[in-house]
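Take a look at the structure set out below.
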Amino acid sequence: MPPTPSPARPPSARTPFGHALAGLLDVLLPADCAGCGAERTQLCPACRHALTATRPGPTLLPWAHAAAPYADPVRQLLLAHKERGALRLAGPLGEALGRAVRSALGARAGAAPLLLVPMPSARAAVRARGHDPTLRLAGAAARSLRRAGLDARAAPLLRHARPVADQAGLNAAERRRNLHGALTVLPRARRGLAGRQPVLVDDLVTTGASLAEAARALADAGLPARAAATVAATAVHPPGQYT
Ligand SMILES: [Zn+2]
């Protein structure tokens, strides 16, 4: 069973309209910088630099690389994109995610076409936000990788197989138990993916428990992911990796 029921959405539901409106305002209004509040630019040069100048590195999961530490202004940029519909940030955030993908794969990045698999969002969260931020970032990352000459596409293969308890307050072992079997691969979504290297992608990695569960689900479906990439990480390994 999915974690939340999915009732038919009436055409007047505010989510699609809210999404369209947010996108329209995003284009029309000279918003302040989402990272630091600097006026009349959605992403000021200093905050863009914070997103582009760091060298991606491994997280607590050595096979998962992040583009930057989870600290302001990167943290603010991720929150603005995810929670406040600052959709134009998907480009620069996706570019950072693409660099993390290449870092995680190293020399294997060009060995086979890439398949970026976003961590699934709960359906209720997608409805409330009016968009799926992780799927959007995966698409933007795939575009940036194609611009760099790599064959990459994004595909939302994963979904929740059952509800999970809130992870807050759980230690790493408890998170693993809470999450085991929580994700599954959509059977129909696997068609036409033979020969592609799956890479898990997400906006943020904390303990890595969710990415580990996603890797298990992909492996059980015969699509072993050898790497994962995120825009940001709360903890890095080894410490001081990012420069
Ligand atoms: Zn800024």
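The residue that is modelled with the lowest pLDDT, counting only those in the stretch 197-225 that are farther than 16 Å from LEU158 by Cα and surrounded by fewer than 22 Cβ atoms within 10 Å (Cβ to Cβ), is THR207.
Of all residue pairs spaced 6 or more apart or on separate chains, those with beta-carbon atoms under 9 Å, a first member in the stretch 35-63 that is in contact (Cβ under 8 Å) with a residue 60 or more places away in the chain and a second member that is open to solvent by less than 70 Å² (accessible area, probe 1.4 Å) and aromatic (Phe, Trp, Tyr) are THR54/TYR242; ARG55/TYR242; PRO56/TYR242; GLY57/TYR242.
Within the stretch 104-113, can one find any residue that is of a type in the set (Gly, Ala, Ser), open to solvent by less than 10 Å² (accessible area, probe 1.4 Å) and modelled with pLDDT of 95 or more? The answer is no; no qualifying residue exists. Out of the residues in the stretch 35-54 meeting the condition of being at pLDDT below 90 and over 16 Å from ALA80 (Cβ atoms), tell me which one is farthest from the ligand (Cβ to nearest atom). Going through the qualifying residues, I end up with THR54. Return yes or no: is ALA189 open to solvent by 30 Å² or more (accessible area, probe 1.4 Å) and in contact with a strand residue (DSSP E or B) (Cβ under 7 Å, 6 or more places away or on another chain)? The answer is no for ALA189. So LEU186 ticks every box in (1) touching a Leu at 6+ places or on another chain (Cβ under 7 Å); (2) free of Cβ contacts under 8 Å to residues at least 24 places away in the same chain but one. Which box is left unticked? The one condition LEU186 does not meet is (2).
Taking the stretch 55-80 as the region of interest, how many residues are within 11 Å of the ligand (Cβ to nearest atom) and either farther than 20 Å from THR134 by Cβ or open to solvent by less than 30 Å² (accessible area, probe 1.4 Å) (or both)? Write out each step before concluding.
Taking the stretch 55-80 as the starting set, the residues that turn out to be within 11 Å of the ligand (Cβ to nearest atom) are 72-74, 76-77, 80.
Still in the running and either farther than 20 Å from THR134 by Cβ or open to solvent by less than 30 Å² (accessible area, probe 1.4 Å) (or both): 72-74, 77, 80.
Within the stretch 55-80, residues that are within 11 Å of the ligand (Cβ to nearest atom) and either farther than 20 Å from THR134 by Cβ or open to solvent by less than 30 Å² (accessible area, probe 1.4 Å) (or both) number 5.
Quick one: is THR184 crowded, with 20+ Cβ neighbours inside 10 Å and assigned to a strand (DSSP E or B)? So THR184 fails the test.
The values are calculated or read from the model by the stated rules, or taken from the named source; none is laboratory data. Since this is a predicted model, take the numbers as computed values, not measurements. Note that we place each Cβ from the backbone using ideal geometry, even for glycine, and neighbour counts take in every protein chain shown. Quick note on the areas: whole protein, heavy atoms, side chains included, nothing else; ligands and nucleic acids left out. Shrake-Rupley method; radii C 1.70, N 1.55, O 1.52, S 1.80 Å.
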